[in-house]
Amino acid sequence: GAAYRAAMMANNGGSIDTDDEEWTLFPIRDASDRKRLARSCNDIVTETQCCREWGGFPADVVAIAENGEGDYLVLRREGDAFAPAPQVWRHET
């Protein structure tokens, strides 16, 4: 929730570490100038659409990060908002 928003406002991407994995955060598309647009071309909307093309990816989540092994951190929709904490979506399960 709030921590994710603050991190994205400060860096618009980056990475986070958990005990056993490193996750690369997808940026939010920024079309304010050409340089920012180029840096944000793999934005959360684009990455989520790519995930949905595989089949089996939940329709009620948005991909916010990946670990380089096909797994994603996702935020699940809850009505008009998103859950306060991300969940892990494993591509093998």
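The values are calculated or read from the model by the stated rules, or taken from the named source; none is laboratory data. Bear in mind that the values here come from a model prediction, so they are computed numbers and not experimental data. Reconstructed Cβ throughout: ideal geometry from the backbone, glycine too, with neighbour counts over all protein chains shown. Just the protein is used for accessible areas: all its heavy atoms, side chains included, with ligands, DNA and RNA removed. Shrake-Rupley method; radii C 1.70, N 1.55, O 1.52, S 1.80 Å.
The requirement of being open to solvent by 70 Å² or more (accessible area, probe 1.4 Å) and modelled with pLDDT under 85 is not satisfied by ASP80. Is it the case that ASP43 is surrounded by fewer than 10 Cβ atoms within 10 Å (Cβ to Cβ) and closer than 17 Å to MET9 by Cα? Answer is no for this residue. Of everything in the stretch 60-93, what is touching a Leu at 6+ places or on another chain (Cβ under 8 Å) and of a type in the set (D, E, K, R)? Give them in sequence order. Selection gives GLU66 alone. Mind checking whether some residue in the stretch 53-72 is assigned to a strand (DSSP E or B), among the acidic types (Asp, Glu), open to solvent by 50 Å² or more (accessible area, probe 1.4 Å) and more than 25 Å from ASP30 (Cα to Cα)? So far as the stretch 53-72 goes, no, none of its residues is assigned to a strand (DSSP E or B), among the acidic types (Asp, Glu), open to solvent by 50 Å² or more (accessible area, probe 1.4 Å) and more than 25 Å from ASP30 (Cα to Cα).
Within the stretch 6-31, the set of residues being charged (D, E, K, R) and touching a helix residue (DSSP H, G or I) at 6+ places or on another chain (Cβ under 7 Å) comprises ARG29, ASP30. Of the listed requirements (1) surrounded by 14 or more Cβ atoms within 10 Å (Cβ to Cβ); (2) in a helix (DSSP H, G or I); (3) at pLDDT 85 or above, MET8 misses just one: (3).
When ASP30 is tested against (1) in a loop (DSSP other than H, G, I, E, B); (2) open to solvent by less than 70 Å² (accessible area, probe 1.4 Å); (3) closer than 17 Å to PHE82 by Cβ, only condition (3) is not met.
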